[in-house]
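A quick write-up on the structure given underneath.
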């Protein structure tokens, strides 16, 4: 009898929907049906069935081909390569659970590595803005239950977070918003008329790259001052009208995305958005939220902040203290400046998602990929180590875009012999300790770290 | 031959996301990501027929993609390649010392290249690092 | 990549060539010494103030030159990498080539002179710190990138050619002079302090309002300036009952 | 827990639980517990010429969870000053890297508490929805035993039940939530005010109605005392009062304390109080504004001294650059308006909110100096030290690593005078406070009451923590202070308490000569209430998920077992 598993978390986007229902085969090895998820999530779950999923590490041979090797050999290679490097870089964690992120930190400390995650090419500038200006935010339930004005600035959830608008932001009927969309005014600020902009009551189609000026105009109007007739291509009257809408909201919610972080000024665009949010709190209640991309990309920011005090770009090479300064200790800058001499790509695809020149720089040195699937990074790696898929055949904690921790479950049994990220990192760490003749530091918890057969009873 | 200078952005789309989760070597990923959306006016200016290949060149490289009419309205002057392997052939790695490359808002030149071939993801990435063996 | 955090008059003072060569640095996780990368000749002075360091050759990959120095001089006959003169309190640094990013970060005093160009974040604050550059002078004879004088509280930054975006963002004091053109974002979120632009600003911040036209002399240039105040969208302190704004002096078009 | 025998020999023992004040003696340890005697083969630890106390217990500290981490994340500059590492050097012996000053990393938190001889720390505010986060951090914090208090006073269920006077339903909900979150007790933060903050409002007085819920802070406090005693939980309600940090707030403070009058503690854990009022320093101010801001520590303590069923902790200002963080969302917004530094806010659906703002307590800024004096005065006016606990409301009034400095000030009038003398306006400080008129210098015995026996009893943990009696946990701190010849220089007291000569936890040596030498065996402590199923509450809770006021699935709400390894569960049985 196939089994229907409810309350499953979707390991795709930052919406981290946990209302997915997955029908699995009797022997819990195959995903048969996926209910409630968007097209992307559905594809992701079905992709886990792929019979060609790698089951053994593969090492590149002198002739350029890849050859399967046993795990212990791969672990030994990874441990030795990282220890030998002057400054290894560990990047990724777009699809890893927090247990894996915590475990990798031991390796990073031990090998004097730089620890970075996908935020570095995504919402990293949002971190920079948070450093400078704070982050007046809330959980998504607040937006759902209260927000009567919702602003999408430089983000396109209809494409990047397909269920965001129906679960949290536009359509859902919340406690104080029982009429759902009817009760919300939606503003979209985007240089294209995206599918999200089409849903909006007001679309400000600004000149690309001039978000900062537009935010400044909003703030200037809010403070009661005049502005030029056009700012970033938007007429003064439209700006004034938009400010009025936001100011008169009972609860104004601003979501922002890559349209702010990938363009000129980067962090300053978000910094200005945060200032605007703060200013609006003198008139009403206003919150702001980054539309984080991956289902657990908020995770490494949290885990490494509690372990090292920094969310990303953490240079541990000094051994005595952690140092962070994006622009210097960030993956792409390190690559372009040839500062690192070993690259470990974990649960992300630097091969596909870094500018190609950065990939070329990284490829000058040993290049290791840890990922359940084949991807561009794995296909240029010197070593590819497969692991279980967090949220599919491996449970664990993930942080949704609003930093709400959600305890994901596994829906099928993992491939035999394939470890989880956490198990793999722990084995590499143990091997590093053997090689350096040191005692492993587990804290107290290691021996009790077992996943329960059954979940906590409600 | 005509050329046009446009402002390029590379962002996510659901077609790209859905295909990526089927695997980056899946044909759907190729179909979803090898397109450059641009305003028909701009196409006309550069002598580009829709659904034909174009060469997009930035300060750091070039890539062959297929010009299509925007699936989401794109004003004249702006072009969009969905994020992914093809977009990243032309994305400048400069970060303004923030760590994040210039994924959006960089100048490109787009010219017709109807007889040029679209390369696969693997060919582009492996080719860039000297590992492409012709797809054997 | 050498982290030359020991290359300061303070560290060199009272040491002979051999001792200086033995001063520590880092290359990634490897502990190295100055002597691993440089041939050292001559001795340090008795104190930092009477120690002059001259580096011949290219330091494009040497970070932290003169960082945290309090006195003396450092001259680099070539380029220098990140953090030149970062957190410096006194003395003088002269870079004859170009500088990378984060030069003069959170500088408190002294003088930093660069004959070439500087990359980004000239005289900025460390991430998250609201206490940016407090004093001293940075002069870049070439051009500079983005984020000049972010969170600046005092001191002077002079860029003799062009600058890109973000000048004096979040600043609450200090003076920035750009002698060439600026792309935009001049004085965004700025609370107080002064900016002079002798060239053009391509995109003005909407939060700036022209109040009058003044004759001023700045860094040896006498000219007529359009005087703007701003950033009107930002908070501003009051002094003697008057609201204090940031000033932007933009050279008037003749 | 370590097996084997150990004996701490010849130290000056200070143990208020047995009224031992500096007698020379031994502490025998077997299998992680204190015993009457051990065999001659026991490992000997020489404590001659040093003082020996139980492991210390921190009743209120923000060390783990979402807002603490929001603070860490938003403050890279807390790790560096002028490009130098600000947090001191990491362990030399290959232990985990330490970072941060006011909001240290989990590793530094565990190590620094251990270096000061602390064995148990109560995380003072856990948002229930984010409980897995708090437990993940506790999990990664080495050495110290920890528990966390979920926040209740702005929770929709609680306000809804109490509005209708339903104490039993409230109690059932508390029991459910403690189990779901692996929480320890009932925390109240700005009752009603934080709920109001969801609309950008606040409740400053006890009688301000909470928007929409039509209940007042006073009713919430009273109702939660009733529910807490109905359940007989080990700890009393733990109250962060309304109107925190504002000039002239002390009448509101006393009014809230008065709500406890007439209640009697009902529990099996030896607790006598029904209300713990936390970081009282922030609630003991006079004046109409910042111009005539002054201390009302005496007025507040006069009431506390005569009211036996309340306990307090100080929340001493340590004059550092620190990071304020509290579930009192509206207060943080207000504070940000005063100092214009970066502001983080996290409103949590249905439950609570939190804010984080960096703050510099500058001894030359008059209100800060007055706050410094107020915190110390509370302790110096206290009559019952077993009801008065040392805290800095870490990191709000200062980092916990300053406890030894607070103790120095409390133990030495000279040290207080020395600090006063360095201030810009000592006369103005003296005029606005009582500090200059107080000669009292606390004794080490009193310090042990305030940091060991007292907080353990208040938390209902006095059977295992806070003393050196046979049967208790073998948590022993040895400090380099000669009881018979205490140093005249109070600085030496601070130094000795900052880094224990030796700290034993669970019968294992954790710290030697001020450095961590073992990670020991930490525990997560939580309270499990056995109570008959309450169908009303079960239905209400499940509807909040199925009808979607919450945005996660109810199946993913309770904290899973593996997140809290080494659990120490305290069972409470409520008769049907």
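Looking at A:283, A:321, which one is in a loop (DSSP other than H, G, I, E, B), touching a residue at least 12 places away in the same chain (Cβ under 8 Å) and surrounded by fewer than 24 Cβ atoms within 10 Å (Cβ to Cβ)?
Working: A:321 fails: touching a residue at least 12 places away in the same chain (Cβ under 8 Å).
Answer to the selection: A:283.
Every listed requirement among (1) within 28 Å of residue D:172 (Cβ to Cβ); (2) in contact (Cβ under 8 Å) with a residue 60 or more places away in the chain is met by residue D:575 save one, (2). Here is the figure for the stretch C:169-185: residues that are surrounded by fewer than 24 Cβ atoms within 10 Å (Cβ to Cβ) and not in a strand (DSSP E or B) total 3. With respect to the conditions (1) modelled with pLDDT of 95 or more; (2) within 14 Å of chain D (Cβ to nearest Cβ); (3) over 30 Å from residue D:94 (Cβ atoms), residue A:399 falls short on a single one, namely (3).
Residue-wise test of (1) closer than 21 Å to residue B:103 by Cβ; (2) touching a residue at least 40 places away in the same chain (Cβ under 8 Å); (3) at the interface with chain D (Cβ under 7 Å from one of its Cβ atoms).
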site	(1), (2), (3)
A:132	no, yes, yes
A:136	no, yes, yes
A:148	no, yes, no
A:154	yes, yes, no
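Among the residues of this structure, residue D:145 does not count as one that is surrounded by fewer than 24 Cβ atoms within 10 Å (Cβ to Cβ) and within 24 Å of the chain's Cα centre (by Cα).
Only one entry in A:214, A:206, A:187 is part of a strand (DSSP E or B) and in the same structural domain as residue A:143 (by TED's automatic domain parsing), namely A:187.
Each row is one residue, and each column tells you yes or no for (1) touching a strand residue (DSSP E or B) at 6+ places or on another chain (Cβ under 9 Å); (2) closer than 22 Å to residue D:148 by Cβ; (3) modelled with pLDDT of 95 or more; (4) not in a loop (DSSP other than H, G, I, E, B).
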{"residue": "D:215", "(1), (2), (3), (4)": "no, no, yes, no"}
{"residue": "D:220", "(1), (2), (3), (4)": "yes, yes, yes, yes"}
{"residue": "D:235", "(1), (2), (3), (4)": "yes, yes, yes, no"}
{"residue": "D:244", "(1), (2), (3), (4)": "yes, yes, yes, no"}
{"residue": "D:254", "(1), (2), (3), (4)": "no, no, yes, yes"}
{"residue": "D:257", "(1), (2), (3), (4)": "yes, no, yes, yes"}
{"residue": "D:270", "(1), (2), (3), (4)": "no, yes, yes, no"}
{"residue": "D:298", "(1), (2), (3), (4)": "no, no, yes, yes"}
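Confirm whether residue D:71 is outside any strand (DSSP E or B) and within 19 Å of the chain's Cα centre (by Cα). The answer is yes for residue D:71.
The criterion of being surrounded by fewer than 24 Cβ atoms within 10 Å (Cβ to Cβ) and on the phi > 0 side of the Ramachandran plot holds for residue D:471.
In the stretch A:186-205, the qualifying residues are those that are more than 27 Å from the chain's Cα centre (by Cα) and either under 15 Å from residue A:240 (Cβ atoms) or at pLDDT below 95 (or both), and the one that is farthest from the other protein chains (Cβ to nearest Cβ) is A:202.
Which ones in the stretch B:23-41 are in contact (Cβ under 8 Å) with a residue 60 or more places away in the chain and either over 15 Å from the mean Cα position of the chain (by Cα) or within 23 Å of residue A:374 (Cα to Cα) (or both)?
Filtering the stretch B:23-41 for residues in contact (Cβ under 8 Å) with a residue 60 or more places away in the chain gives B:24-25, B:29-30, B:33-34, B:36, B:38.
Hits for the stretch B:23-41 are B:24, B:25, B:29, B:30, B:33, B:34.
The residues in the stretch B:114-127 that are in contact (Cβ under 8 Å) with a residue 24 or more places away in the chain and at the interface with chain A (Cβ under 7 Å from one of its Cβ atoms) can be counted, and the count is 3.
For the stretch C:232-240, does any single residue satisfy the condition of being assigned to a strand (DSSP E or B) and more than 14 Å from every other protein chain (Cβ to nearest Cβ)? Spell out the reasoning first.
Just the residues of the stretch C:232-240 that are assigned to a strand (DSSP E or B), to begin with: C:238-239.
Narrowing further to those that are more than 14 Å from every other protein chain (Cβ to nearest Cβ): C:239.
Taking every residue of the stretch C:232-240 in turn, at least one turns out to be assigned to a strand (DSSP E or B) and more than 14 Å from every other protein chain (Cβ to nearest Cβ).
If you check residue C:96 against the conditions, is it out of contact with any helix residue (DSSP H, G or I) (no Cβ under 8 Å at 6 or more places or on another chain), farther than 22 Å from residue C:53 by Cα and away from chain A (no Cβ under 14 Å)?
Numbers: out of contact with any helix residue (DSSP H, G or I) (no Cβ under 8 Å at 6 or more places or on another chain): yes; farther than 22 Å from residue C:53 by Cα: no; away from chain A (no Cβ under 14 Å): yes.
No: the conditions fail for residue C:96.
Of the residues that sit in the stretch C:105-127 and are closer than 25 Å to residue A:129 by Cα and more than 14 Å from chain B (Cβ to nearest Cβ), which one is surrounded by the most Cβ atoms within 10 Å (Cβ to Cβ)? Across the stretch C:105-127, the extreme among qualifying residues is C:107.
A single member of B:36, B:74 is within 11 Å of chain A (Cβ to nearest Cβ), within 20 Å of residue A:159 (Cα to Cα) and buried (at least 19 other Cβ atoms within 10 Å of the Cβ), and it is B:74. Take the conditions (1) more than 14 Å from chain B (Cβ to nearest Cβ); (2) in contact (Cβ under 8 Å) with a residue 24 or more places away in the chain; (3) under 23 Å from the mean Cα position of the chain (by Cα); residue A:305 misses just one of them, which is (2).
Among the conditions (1) more than 30 Å from residue D:235 (Cβ to Cβ); (2) modelled with pLDDT of 85 or more; (3) in contact with a strand residue (DSSP E or B) (Cβ under 8 Å, 6 or more places away or on another chain); (4) within 14 Å of chain C (Cβ to nearest Cβ), the only one that residue D:102 does not satisfy is (1). I need the full set of residues from the stretch A:336-368 which are free of Cβ contacts under 8 Å to residues at least 40 places away in the same chain, more than 7 Å from chain B (Cβ to nearest Cβ) and outside any loop (DSSP other than H, G, I, E, B), in order please. Once the filter is applied, which keeps residues that are free of Cβ contacts under 8 Å to residues at least 40 places away in the same chain, more than 7 Å from chain B (Cβ to nearest Cβ) and outside any loop (DSSP other than H, G, I, E, B), the stretch A:336-368 yields A:361, A:367.
In the condition set (1) in the same structural domain as residue A:151 (by TED's automatic domain parsing); (2) in a loop (DSSP other than H, G, I, E, B), residue A:312 is compliant with all but (1). If you go through the stretch D:390-410 and pick out every residue that is assigned to a helix (DSSP H, G or I), closer than 14 Å to residue D:373 by Cα and either touching a helix residue (DSSP H, G or I) at 6+ places or on another chain (Cβ under 7 Å) or free of Cβ contacts under 8 Å to residues at least 60 places away in the same chain (or both), you end up with 5.
For the stretch D:209-234, a tally of residues being farther than 15 Å from residue D:155 by Cα, in contact (Cβ under 8 Å) with a residue 60 or more places away in the chain and buried (at least 19 other Cβ atoms within 10 Å of the Cβ) returns 4. Residues that are within 9 Å of chain A (Cβ to nearest Cβ) and under 30 Å from residue D:53 (Cα atoms) are absent from the stretch D:111-130. Of the strands (runs of 3 or more DSSP E) lying entirely inside the stretch A:1-50, those carrying at least 1 residues that are under 24 Å from residue B:27 (Cβ atoms) are A:31-35. The single condition among (1) over 22 Å from the mean Cα position of the chain (by Cα); (2) within 13 Å of chain A (Cβ to nearest Cβ); (3) buried (at least 20 other Cβ atoms within 10 Å of the Cβ) that residue D:505 does not satisfy is (1).
Go through D:140, D:46 for me and flag whichever is surrounded by fewer than 24 Cβ atoms within 10 Å (Cβ to Cβ), touching a residue at least 24 places away in the same chain (Cβ under 8 Å) and under 26 Å from residue A:110 (Cα atoms).
Working: D:46 fails: under 26 Å from residue A:110 (Cα atoms).
Unique residue meeting the criteria: D:140.
The values are calculated or read from the model by the stated rules, or taken from the named source; none is laboratory data. Bear in mind that the values here come from a model prediction, so they are computed numbers and not experimental data. Neighbour counts are summed over all protein chains in view; Cβ atoms, including those assigned to glycine, are modelled from backbone coordinates with ideal geometry.
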